[in-house]
């Protein structure tokens, strides 16, 4: 399920602002501070909700008001299939190096993962919190699309991934995954930086190599 995050934000802002404009143009007497406040309150509320979703929730001043962790950015990942996984002949039995990029606002998350042989996109997600836990954890369903050169033994498939998250700003993630082709395993991820927008495994490798060259 695709969540139309940007259109929803725009719709909320538009409704709040249009309401305030219509109220002002309708001739209603705004002859006191509280009446004027009531006129602009929907617009202010819409702006506040949008800023919270995009920015405020992750700022130091506000982040302790929520148990939502910040995981956006570029991650280095290692996938380790279990011995019981039905990996076809010639397939990679692991550990499998990969990269992951996460785009995140408060109410939305999109995860992309890249290996040398395939790429994945998250399709839907939900946050959940174990009893007594301080931080929410993430579960998402993804679709994996292997490169054409590998589809003779590894076709397109879907899977589920669960991240165990312990802090609000983690630099390490652990999790498990399983797929509809009867494979499953563990994963470990380490944060590289907060960049995203890469198109392939090789694209990320090139970025990391350039990053190493300019490092002091």
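The values are calculated or read from the model by the stated rules, or taken from the named source; none is laboratory data. Bear in mind the structure is a predicted one, so any value in this text is a computation, not a measurement. Cβ sites come from the backbone with ideal geometry, for glycine too, and all protein chains shown count toward neighbours.
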Does segment 88-130 hold any residues that are surrounded by fewer than 15 Cβ atoms within 10 Å (Cβ to Cβ) and under 19 Å from residue 57 (Cα atoms), and which are they? 126, 128, 129
Within the bounds of segment 65-72, is there any residue that is assigned to a helix (DSSP H, G or I) and at pLDDT 85 or above? yes
Residue 86 being in a loop (DSSP other than H, G, I, E, B) and touching a residue at least 24 places away in the same chain (Cβ under 8 Å): yes
Residues of segment 171-185 that turn out to be crowded, with 19+ Cβ neighbours inside 10 Å and not in a strand (DSSP E or B), as a count: 1
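Looking at 211, 171, 153, which is the one that is in contact with a strand residue (DSSP E or B) (Cβ under 9 Å, 6 or more places away or on another chain), farther than 25 Å from residue 125 by Cα and without any contact (Cβ under 8 Å) to a residue 60 or more places away in the chain?
Details: 171 fails: farther than 25 Å from residue 125 by Cα; 153 fails: without any contact (Cβ under 8 Å) to a residue 60 or more places away in the chain.
Testing whether each residue is in contact with a strand residue (DSSP E or B) (Cβ under 9 Å, 6 or more places away or on another chain), farther than 25 Å from residue 125 by Cα and without any contact (Cβ under 8 Å) to a residue 60 or more places away in the chain leaves just 211.
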Against the conditions (1) touching a residue at least 12 places away in the same chain (Cβ under 8 Å); (2) more than 24 Å from residue 129 (Cβ to Cβ), where does residue 148 fall short? Just the number, please. (1)
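Of the residues 120, 199, only one is within 20 Å of residue 74 (Cβ to Cβ) and part of a strand (DSSP E or B); which? Spell out the reasoning first.
Numbers: 199 fails: part of a strand (DSSP E or B).
Going through 120, 199 in turn, the sole match is 120.
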Cβ-Cβ under 9 Å, sequence separation 6+ or interchain: first residue in segment 176-203 and in the same structural domain as residue 109 (by TED's automatic domain parsing), partner exposed (fewer than 13 other Cβ atoms within 10 Å of the Cβ) and assigned to a strand (DSSP E or B). Which pairs? 188/172; 189/172; 190/172; 191/172
